[in-house]
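Written below as structure tokens is the structure these notes are about.
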């Protein structure tokens with residue numbers, strides 16, 4: 001079954017049938033419904049090779065993830081990818097994932113990916129202020145969508161969680177529980193998400209009239225090893241913290257390990273909170289208080305923004321998601 005025969009059976013032009021099948025908003029809703037119903041009844045399936053040759057598009061979207069020491073594929077982010085991939089697949093696009101090794105030049109890898117013709121657009125993660133990757137893509141006029149936010153980003157180019165508000169609320173909650181020495185083990189400072197979370201943390205501390213002690217604010221990679229090292233450093237202070245906020249649940253696990261090694265009981269002697277609501281955080285001992293957000297929804301919005309750029313789909317989109325606090329056993333009241 002070809003698109004020509006499908007169009008003839010409906011008495012429509014090939015272009016109208018093609019646009020209906022591809023979800024264009026300028027097609028009458030009744031016409032789209034008739035086309036989709038007829039396509040299903042007649043067993044029509046588009047020829048992907050023909051579509052790509054005709055359009056000059058690969059129908060692939062790329063994403064380059066850091067590997068090894070800068071790994072970023074957390075359980076939560078895997079769900080973001082699943083949300084984006086699923087939405088793209090329903091529109092006959094594929095998500096292609098590759099990694100960036102420590103020894104590779106980041107901008108060259110991005111440039112090579114763009115020039116290869118393998119992808120029609122790129123998702124950008126671990127965004128930074130004055131991000132060279134984005135500057136390069138802008139110069140080339142290549143479509144991209146960021147998972148992350150900086151004030152220079154256009155509204156049609158990013159989706160993010162309101163990290164500042166999330167860590168403001170998480171910090172205020174610790175204050176309400178009586179904590180006055182609240183530490184924050186943050187992600188690498190060059191990341192926009194780290195800067196936003198730091199602003200939220202600092203705002204909450206200052207609003208509460210507490211001392212903003214820079215010794216309680218450390219930055220490291222999102223892994224257990226860095227968290228253990230940083231947690232031991234702040235727990236060795238003469239005036240140690242009674243609550244520790246972590247940039248993600250993996251860091252919270254490392255913090256729990258450090259506390260136990262030093263003889264502190266998490267959830268009793270020290271309150272610990274993370275971010276991401278990873279499955280492992282629900283079943284750790286103690287289970288971890290965390291921040292949860294709609295991971296699948298973030299991925300879908302990224303895909304919608306990309307399709308709006310590539311095909312002018314006209315999807316209504318939203319840039320911001322809110323995180324909610326999930327209270328678990330790692331809470332501790334300050335005595």
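The values are calculated or read from the model by the stated rules, or taken from the named source; none is laboratory data. Keep in mind that this is a model prediction, so the values were computed, not measured. We place every Cβ from the backbone using ideal geometry, glycine too, and count neighbours over all the protein chains shown.
Things worth noting here:
- Residue in the range 311-325 that is closer than 30 Å to residue 24 by Cα, in a helix (DSSP H, G or I) and at pLDDT below 95 present: yes
- From 208, 129, 196, residue being surrounded by fewer than 15 Cβ atoms within 10 Å (Cβ to Cβ), in contact (Cβ under 8 Å) with a residue 24 or more places away in the chain, more than 20 Å from residue 305 (Cα to Cα) and in contact with a helix residue (DSSP H, G or I) (Cβ under 7 Å, 6 or more places away or on another chain): 129
- Some residue of the range 232-246 being under 29 Å from the mean Cα position of the chain (by Cα), modelled with pLDDT under 95, within 22 Å of residue 165 (Cβ to Cβ) and buried (at least 24 other Cβ atoms within 10 Å of the Cβ): no
- Restricting attention to the range 257-274, the residues that are assigned to a helix (DSSP H, G or I) and either touching a strand residue (DSSP E or B) at 6+ places or on another chain (Cβ under 8 Å) or free of Cβ contacts under 8 Å to residues at least 12 places away in the same chain (or both) add up to 2.
- Restricting attention to the range 275-289, the residues that are touching a strand residue (DSSP E or B) at 6+ places or on another chain (Cβ under 9 Å) and either assigned to a helix (DSSP H, G or I) or not assigned by TED's automatic domain parsing to the domain that holds residue 224 (or both) total 2.
Rundown of residues vs (1) farther than 21 Å from residue 59 by Cα; (2) surrounded by fewer than 17 Cβ atoms within 10 Å (Cβ to Cβ), yes/no style:
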| site | (1), (2) |
| --- | --- |
| 5 | yes, yes |
| 10 | yes, no |
| 19 | no, no |
| 27 | yes, no |
| 30 | yes, yes |
| 43 | yes, yes |
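- Criterion applied to 184, 87 was being buried (at least 20 other Cβ atoms within 10 Å of the Cβ), in contact with a strand residue (DSSP E or B) (Cβ under 7 Å, 6 or more places away or on another chain) and under 22 Å from residue 321 (Cβ atoms), and the one residue passing it is 184.
- Tally, over the range 90-123, of residues that are over 25 Å from residue 221 (Cα atoms) and either assigned by TED's automatic domain parsing to the domain that holds residue 276 or surrounded by fewer than 16 Cβ atoms within 10 Å (Cβ to Cβ) (or both): 8
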